[in-house]
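The values are calculated or read from the model by the stated rules, or taken from the named source; none is laboratory data. Source: prediction; values computed, not measured. Cβ coordinates were reconstructed from backbone atoms using ideal geometry, including for glycine residues, and neighbour counts include every protein chain displayed. To get the accessible areas, we keep the full protein, side chains included, count just its heavy atoms, and leave off ligands, DNA and RNA. Shrake-Rupley method; radii C 1.70, N 1.55, O 1.52, S 1.80 Å.
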Amino acid sequence: MTDIDNKDEERHRAKMAKRKAVQDAEVASKTVEKGLLIVNTGPGKGKTTAAFGLALRMLGYGKRVGVVQFIKGKWHTGEKDAFSAFGDRVVWHAMGEGFTWETQDLKRDIAAAEAAWAKALELIADPTISLVVLDELNIALRYDYLDLDKVVAALKARREGLHIVVTGRNAKPELVEAADLVTEMGVTKHHFSAGVKAQQGIEF
């Protein structure tokens, strides 16, 4: 451990005291409390994972969470099993038919997206739910399976106090503009590029 003399300790203490005063003033200036529209987008891994982290945090405070998956549907995931342990505090609807290159059926894809959106509206209207995760909604919007203007209007008109998280690549500019928080996840390095397949507990 590096030796620290009294002068160094005093300089550090004074510097941190000034920083604390600035931080405290910054925190005190934030007085608005509201339900947030959060968008996790970008080509990097972790968009859905981050959304489920928020869901877990909300559950930790005794709140209820709703999840609608717009693309993922029939395949088994560890997160669904994990959240099932919370019983009816988590409402989970995996309503996707898979990616469009898998279904190869445009009408089927649109019908699935419309059914998922109808379920999302039910959860958004449910006053017992504090957080709604709309997983891969961005993909449904990217392929024009849903009316973008209607979706954005409904998200903006969410009831007071409700938090909504939308995930998926290529978020539409209109959704980004409407959101309170947007995180763009980039790719620095991904194991898939090195030939590593999707693995249990990491990708699903």
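Numbers at a glance
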quantity	calculated
Any hit, the range 81-104, residues being free of Cβ contacts under 8 Å to residues at least 40 places away in the same chain, open to solvent by less than 20 Å² (accessible area, probe 1.4 Å) and in a loop (DSSP other than H, G, I, E, B)	yes
Failed criterion for Ala115 (all others in (1) open to solvent by 50 Å² or more (accessible area, probe 1.4 Å); (2) free of Cβ contacts under 8 Å to residues at least 24 places away in the same chain hold)	(1)
Pick from the range 1-41, criterion of a type in the set (S, T, N, Q) and within 39 Å of the chain's Cα centre (by Cα), ranking: nearest to Ala179 (Cα to Cα)	Asn40
Unique match (being over 25 Å from Glu184 (Cα atoms), at pLDDT 95 or above and in contact with a strand residue (DSSP E or B) (Cβ under 7 Å, 6 or more places away or on another chain)) among Val91, Val132, Val39, Val68	Val91
Residues located in the range 146-202, provided they are hydroxyl-bearing (Ser, Thr, Tyr) and surrounded by 12 or more Cβ atoms within 10 Å (Cβ to Cβ)	Thr167, Thr183
Some residue of the range 3-10 being aliphatic (A, V, I, L, M) and open to solvent by less than 40 Å² (accessible area, probe 1.4 Å)	no
Tally, over the range 179-202, of residues that are touching a residue at least 60 places away in the same chain (Cβ under 8 Å), part of a loop (DSSP other than H, G, I, E, B) and of a type in the set (D, E, K, R)	1
Breaking point among (1) over 21 Å from Gln199 (Cβ atoms); (2) open to solvent by 50 Å² or more (accessible area, probe 1.4 Å); (3) at pLDDT below 95; (4) not hydrophobic (A, V, I, L, M, F, W, C), for Asp109	(2)
Scan of the range 118-144 for residues that are free of Cβ contacts under 8 Å to residues at least 60 places away in the same chain and open to solvent by 20 Å² or more (accessible area, probe 1.4 Å), ordered by number	Ala118, Lys119, Leu121, Glu122, Ala125, Pro127, Arg142, Tyr143, Asp144
Residues of the range 51-72 satisfying the condition of being in a loop (DSSP other than H, G, I, E, B) and exposed (fewer than 15 other Cβ atoms within 10 Å of the Cβ)	Tyr61, Gly62
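Let's see how each residue does on (1) free of Cβ contacts under 8 Å to residues at least 40 places away in the same chain; (2) open to solvent by 70 Å² or more (accessible area, probe 1.4 Å); (3) under 17 Å from Gly168 (Cβ atoms):
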residue: Ala25; (1), (2), (3): yes, no, no
residue: Thr31; (1), (2), (3): yes, yes, no
residue: Leu36; (1), (2), (3): no, no, no
residue: Thr49; (1), (2), (3): yes, yes, yes
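This table checks each residue for (1) at positive phi; (2) small (Gly, Ala, Ser); (3) touching a Gly at 6+ places or on another chain (Cβ under 9 Å).
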{"site": "Asn6", "(1), (2), (3)": "no, no, no"}
{"site": "Glu10", "(1), (2), (3)": "no, no, no"}
{"site": "Met16", "(1), (2), (3)": "no, no, no"}
{"site": "Ala25", "(1), (2), (3)": "no, yes, no"}
{"site": "Glu33", "(1), (2), (3)": "no, no, yes"}
{"site": "Leu36", "(1), (2), (3)": "no, no, no"}
{"site": "Thr41", "(1), (2), (3)": "no, no, yes"}
{"site": "Lys45", "(1), (2), (3)": "no, no, no"}
{"site": "Ala50", "(1), (2), (3)": "no, yes, no"}
